[in-house]
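Visitor: Before I ask anything, let me first share the structure, which is written out below as structure tokens.
Values quoted throughout were computed directly from the atomic coordinates according to the rules given, and no laboratory measurement underlies them. For clarity, every value in this text was computed on a predicted model and none was experimentally measured. Ideal geometry is used to build each Cβ from the backbone, glycine not excepted, and the neighbour counts take in all protein chains shown.
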Amino acid sequence: MLRNWNIMQFSVNKIHLEKCPVCGSVHLQSFLSCTDCYATGETFEVLQCADCGFKMTQDVPVEAEIGRYYESPDYISHTNTKKGVMNTVYHWVRKYQLHKKAKLVERACGKRSGRMLDIGTGTGYFVNTMYQRGWDVEAVEKSAQARAFAFDNFGLNVLDDTKLNDFEDQSFNLITMWHVMEHIEHLDDLWETLKRELMDGGKLVVAVPNCASADAQRYKSFWAAYDVPRHLWHFTPSTMQAMANKHGFTICERHPMPFDGFYVSMLSEKYMGRNFTFIRGMFTGFLAWCSALAHKDKSSSMIYILRKKE
Ligand SMILES: [Zn+2]
């Protein structure tokens, strides 16, 4: 895989950013210091580009060494436990969201079947939903445990993420990435792969946290979706637009994901060490949800529907 030598220097197994990956500016300023409340308690700096406003985590451990930052008993994206109120809410919301996501991407594509790729598929719930609706699906996922879950529970043959570059040019009508792009080390390489593997007229669906959201503004360095160092990149609608332009994509639709605000707010309250995290989180989540109703670009997470420029 190509390396982004022009924007990064690899030193002592960390990714030290010297240029903005969106606009190439060297004017990177300190924005926040965030603590990894999820796994290690280590502190990381979030930088902001003075020219385009893009935010990024500085000195993230390289991919080969980031494994221990994912090791926490609380990590529920790749498990199916149903302990605790927060997990119960999470699982309930997931079921509702799967149905909504499937309908949304089908409407965006103008198709109810076709060939699709889901990148960072996790345990396979979404791709299984699409398979059951008649889509010809491919999926890649880094975690061997998650791939095994998808196989055991859904019979899906999910590929290792190193296979991402192996698909032919113009293979897919649809490529989806649900809360994955913020984790990807080689961002420019990824976008070029997406462009190559997507058919002309195909759609790319990218869901990422929105660090311009009402909940991000409220919780600042405690906002759980900074999720350092697992999240390298922190998008807003305007920086996603700039990234898309850079790689020859146009954003054709933006959709809020206001439900994410409830979960992120509860987690942020927990990281602040507060009591009554569920009630406080629900309250802030509700305020954030109201804010997203009025201004969808203030939603906790956003779904971007993109197409390749002609
Ligand atoms: Zn920039």
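Visitor: Can you pick out the pairs among Lys163/Lys195; Lys14/Lys308; Lys103/Lys309; Lys95/Lys203; Lys95/Lys309 whose Cα atoms lie more than 26 Å from each other?
Guide: Details: Lys163/Lys195 16 Å; Lys14/Lys308 33 Å; Lys103/Lys309 24 Å; Lys95/Lys203 24 Å; Lys95/Lys309 34 Å.
As for pairs spanning more than 26 Å Cα to Cα, those are Lys14/Lys308; Lys95/Lys309.
Visitor: Report the net charge of residues surrounding Met199, where surrounding means a beta-carbon distance below 12 angstrom and charges are Lys +1, Arg +1, Asp -1, Glu -1.
Guide: +3
Visitor: Based on Cα coordinates alone, diagonalise the gyration tensor for the chain, multiply each eigenvalue by 5, take square roots, and list the semi-axes in whole Å, largest first.
Guide: Numbers: eigenvalues 142, 119, 80 Å².
Semi-axes (√(5λ), whole Å): 27, 24, 20.
Visitor: Helix-only estimate, please: 222 nm mean residue ellipticity of the chain, summing -39500 (n - 2.57) across DSSP H runs of length 4 or more and dividing by its residues, to the nearest 500.
Guide: Details: 8 runs with 101 residues, N = 310.
Taking each H run of at least 4 residues, the total per residue is -10000 deg cm²/dmol.
Visitor: Taking the Cβ of Ala146 as the centre, find all other residues whose Cβ is under 13 Å away and add up their charges (Lys, Arg: +1; Asp, Glu: -1).
Guide: Values: positive: Lys142, Arg147; negative: Asp118, Glu141, Asp152, Asp160, Asp161.
Charge balance in the 13 Å sphere: -3.
Visitor: At 37 °C and 0.692 mPa s, what whole-number value in µm²/s does Stokes-Einstein give for the translational diffusion of the stretch 213-310, with Rh from the Kirkwood sum over Cα pairs? All intermediate terms of the calculation are to be shown ahead of the outcome.
Guide: Values: Rh = 14.1 Å.
For these conditions, the coefficient is 233 µm²/s.
Visitor: Net charge near Leu47: determine it from the other residues with C-beta under 13 Å of the C-beta of Leu47, scoring Lys and Arg +1 and Asp and Glu -1.
Guide: On the way: positive: Lys19, Lys55; negative: Glu18, Glu45, Asp51, Asp59.
So the surrounding residues net to -2.
Visitor: Right, here's the next one. May I ask you to list the trypsin sites (Lys or Arg not before Pro) in the stretch 209-310 that are in a DSSP loop and have at most 15 other Cβ atoms within 10 Å of their Cβ? Please list the in-between numbers first.
Guide: Numbers: sites: Arg218, Lys220, Arg230, Lys246, Arg254, Lys270, Arg274, Arg280, Lys296, Lys298, Arg307, Lys308, Lys309; in loops: Arg230, Arg274, Lys309.
Filter output for the stretch 209-310: Arg274, Lys309.
Visitor: Exposed loop sites here are chymotrypsin sites (Phe, Trp or Tyr not before Pro) in DSSP loop states with at most 11 other C-beta atoms within 10 Å. What is the longest stretch of the chain lacking them? Intermediate results must be reported in sequence, preceding the final value.
Guide: Numbers: sites that count: Trp5, Phe276.
Here the longest run is 6-275.
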